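Note sheet for the following structure.
Only the coordinates and a few stated rules stand behind these numbers; no lab work does. Here the structure is a predicted model, which is why all the values come from computation and not from measurement. Neighbour counts run over all protein chains shown; Cβ positions are idealised from the backbone, glycine included.
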Amino acid sequence: MKKISLMKAIWFCYRDRKMSDSEKNRIRAERLSSLVAYTKQNSPYYRAHYQNIGENFNLSDLPPTNKVDLMAHFDDWITTKDITLKEVETFMTDLDNIGRKIKGKYLVFTTSGSTGNPLVALCDRSTNNVMAGINIMRSFARRADFMAFLKGGGKTMGVFATGGFYLGNSSVRARLLSMPWKKRQFGVISALYPLPRIVAELNAFKPTMLGGYPTILELLIDEQKKGHLKIAPVIIMTGGEYLSDQLREDLEDAFGCPVQTTYSCTEGGTIACECPEKHFHINDDWIIVEPVDHQNQPVPDGVQSDKILITNLYNYTQPFIRYEITDRVVMHHEPCPCNNPSPWLTLEGRTDDILTFYENGKTIRISPLAIYATLKEIHGILRFQLIAHGQNQLELRIIPGTGYDPQRLFEAAQKNLADFLANHGVTNAQIAFSELMPMQHPQSGKFKHIINKPE
C-alpha cells in the first residue's frame with residue numbers, strides 16, 4: 001500500500017478529472033485490483049469473504065458487505081493488527097479525544113446510526129489526505145464562488161452536531177488541534193444550541209462561508225430577515241440532509257449568495273459533488289457507486305434504486321467494498337451541460353420535520369437533527385421515532401436492543417429530551433411512551449425519525 005500525501009492527493013484529483021473515460025476506467029480498475037489484493041492479504045474477514053475470488057474478477061463477482069456484519073467482525077475486518085474495537089470504544093468514552101488520533105495514527109469517526117447502532121470508522125493519514133484533496137479540488141461548483149470565498153477572507157463556520165465523533169465535527173476539531181492558530185478562520189457551532197446562541201456566535205464570527213444541516217439553516221432564514229442575524233456569507237454549503245429546491249431558493253433569497261450541497265457519508269467521504277447544473281457528479285476515480293434493488297441486482301439508469309453499494313478505493317485500513325448504504329438514488333450517464341464527464345446522481349428527497357412548540361405565547365422551532373442527536377445518544381435504542389401531535393404532545397416509539405428494558409430506555413430518553421427542550425425554552429412538553437414500533441410511511445415506504453403530525 002503506497003502512502004498518499006496531501007499534495008499528491010490534490011494532484012491526483014486534478015489529473016484524474018482531466019482523464020478520458022478509458023484512462024479513468026484503467027485507473028479505477030487498477031485501484032480496485034490493488035485494494036482487493038491488499039485486503040485479501042491483510043484482512044481475515046475479507047480473506048474468508050473472498051475465498052472463491054481469484055486474481056481476475058469483475059466487481060460484481062465480489063459479494064456485498066453491510067454494516068452489521070462488518071461491525072460484528074471488526075477486529076478481523078480492519079487490515080491493521082495494532083488496534084481493536086475495544087480499544088477504539090474505550091478511546092471514544094473520552095469526548096476530549098474527538099479529532100485526536102488513536103495511537104497517533106487513526107482519526108475515529110462514527111455514523112449517526114440512523115438505521116441501527118453506529119458504525120465506527122478509522123481513517124489513516126492517506127485516507128484523510130484523499131478526502132481533503134477531493135474537498136479542496138471539487139467542492140466549489142463555480143470558480144467565481146471559490147475566488148469570492150478567498151477574497152472574503154476564507155472564514156468558515158459550520159452548524160453541525162457536536163459532542164460526538166461525527167465526520168464533520170471530528171474533521172474540523174482535528175484541523176484545529178493541529179493548527180490552533182487557525183481558530184479565527186474556521187470552526188463549528190453546535191446544532192444542539194438554542195437558536196439565539198447560534199445567532200450570537202455567527203454574528204461574532206462573521207463567516208465568509210456558512211455551512212450546516214439544511215433544517216438548521218432553515219431556522220436562520222427568519223433570523224436573517226428580521227435583522228437578528230447580521231452576516232453576509234459569499235456562499236452557503238449544506239450537508240447531512242437533503243436540500244430541497246425550495247429551501248435552496250429561500251436561503252439564497254435571505255442571504256443573497258449561492259447555496260450548494262454535496263453527497264457524503266462517513267464510509268465513503270464525499271461521494272459526489274454538485275455542479276452548476278445542480279447535478280451530483282460522482283468522484284468516480286475514488287468511489288464506485290452501484291445502484292441496486294433489494295436483492296443487490298443492478299438497477300438501470302433513470303430508475304430509482306432501493307439502495308446503493310459503494311466501494312471506497314482509498315481506505316486500505318478499513319476497506320469498504322461493495323458496502324450497502326440505504327440511500328435511494330437515480331443514476332445518470334447522459335451528458336451534463338457543465339461538461340463534467342463523470343456520471344451523476346439524483347437523490348431521493350427525504351428529510352425529517354422541523355418541530356414547533358408553544359410556550360407562554362412564544363413559538364419555538366427546533367431542528368430535527370438537534371433532537372435526533374439528543375435521542376441517539378441513548379445506548380441500547382436500535383431505532384426510534386418521535387411524533388409531535390400538537391399542543392406540545394410527543395409520542396416516542398423505540399426498538400430496544402437485545403437485553404435492554406424498553407421502559408428504562410424510554411425513561412432515559414425522556415430525561416434527555418426533556419432537558420434538551422428545557423434548554424431551548426420548552427418546559428411544558430408531554431412525552432409519552434408508545435407501544436407501537438417505529439414505522440415507515442404506508443404508501444411511500446419512506447422512514448422518518450422526527451414527524452410533525454398536528455391534530
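The magnitude of the dipole of the chain, with charges of +1 and -1 set on the Cβ of Lys/Arg and Asp/Glu and taken from the Cα centre, is near 1800 debye.
Multiply the residue gap between Gln391 and Met7 by 0.36 nm, knock off their C-alpha separation, and tell me the result in nm, one decimal place.
Answer, rounded to one decimal: 132.7 nm.
For the peptides 138-144, 365-371, residues were scored by their other Cβ atoms within 10 Å and the scores averaged per peptide; the highest-first order is 365-371, 138-144.
Long hydrophobic helices in the chain: the complete DSSP H runs spanning 24 Å or more by Cα along their own axis with mean Kyte-Doolittle hydropathy of at least -1.0 are 406-423. Look at Asp250, Asp145 and count the other Cβ atoms within 10 Å of each Cβ; fewest to most, that gives Asp250, Asp145.
What pairs in Lys8/Lys307; Lys101/Lys307; Lys225/Lys448; Lys101/Lys376; Lys151/Lys206; Lys3/Lys307 have C-alpha atoms more than 26 Å from each other?
Listed pairs above 26 Å: Lys8/Lys307; Lys101/Lys307; Lys225/Lys448; Lys3/Lys307.
Using a simple spin-label model with pseudo-atoms 7 Å out from Cα toward Cβ, Arg47 and Ala200 lie 5.8 nm apart. Computed extension length for Asn56-Thr363: 104.3 nm, one decimal, from 0.36 nm per residue of separation with the Cα-Cα distance subtracted. Think of segment 355-452 as a dipole: +1 on every Lys or Arg Cβ, -1 on every Asp or Glu Cβ, centred on the Cα centre; then among Ser367, Asn392, His379, Ser367 lies furthest on the positive end.
Matching the structure-derived Cα extents along the principal axes in Å against the labelled list [x] 64, 53, 44; [y] 87, 58, 43; [z] 69, 56, 45 gives the label [z]. At 7 Å along Cα-to-Cβ for each site, give me the label-to-label distance between Ile399 and Glu87 in nm. Inter-label distance under the simple model: 3.3 nm. For Glu348, the residues whose amide H sits under 5 Å from its own are Arg328, ignoring neighbours fewer than 5 places away on the same chain, with H placed 1.01 Å from N.
Using only side-chain charges placed at the Cβ, +1 for Lys and Arg and -1 for Asp and Glu, the dipole size of segment 355-452 relative to its Cα centre rounds to 300 debye. Sorting the segments 68-79, 259-270, 7-18 by their residues' average number of neighbouring beta-carbon atoms within 10 angstrom, most packed first, yields 259-270, 68-79, 7-18. By the helix-only formula, in which each DSSP H run with n ≥ 4 contributes -39500 (n - 2.57) and the sum is divided by residues, the chain has a 222 nm mean residue ellipticity of -10000 deg cm²/dmol. Note on segment 119-167: along the principal axes its Cα atoms extend 37, 25, 16 Å, ordered by decreasing extent. If one computes the Cα centroid of segment 137-179 and of segment 230-302, what distance in Å separates the two points? Cα centroid of segment 137-179 versus Cα centroid of segment 230-302: 16 Å apart. Using the crude model of +1 on Lys and Arg Cβ and -1 on Asp and Glu Cβ, and no other charge, please compute the dipole size for segment 142-257 relative to its Cα centre, in debye to 20. Dipole magnitude for segment 142-257 comes out near 800 debye.
The label point for Asp76 and the one for Leu150, both projected 7 Å from the Cα toward the Cβ, are 5.0 nm apart. Please list, in order, the residues from segment 135-173 whose amide nitrogen is less than 19 Å from a point placed 7 Å along the Cα→Cβ vector of Asp250. The answer is 159-160, whose backbone nitrogens lie closer than 19 Å to the label point. Considering only DSSP beta bridges with both partners in the chain, what is the antiparallel share in %, to the nearest 5? Within the chain, antiparallel bridges account for around 65 percent of the total.
The loop-placed chymotrypsin sites (Phe, Trp or Tyr not before Pro) in segment 341-445, going by DSSP, include none that has at most 12 neighbouring Cβ atoms within 10 Å of its Cβ.
Looking at Pro406, Tyr358, Ile98, which one has the Cα that reaches farthest to the positive end of the dipole of the chain (charges on Cβ: Lys, Arg +1; Asp, Glu -1)? The residue sitting farthest along the positive end of the dipole is Ile98.
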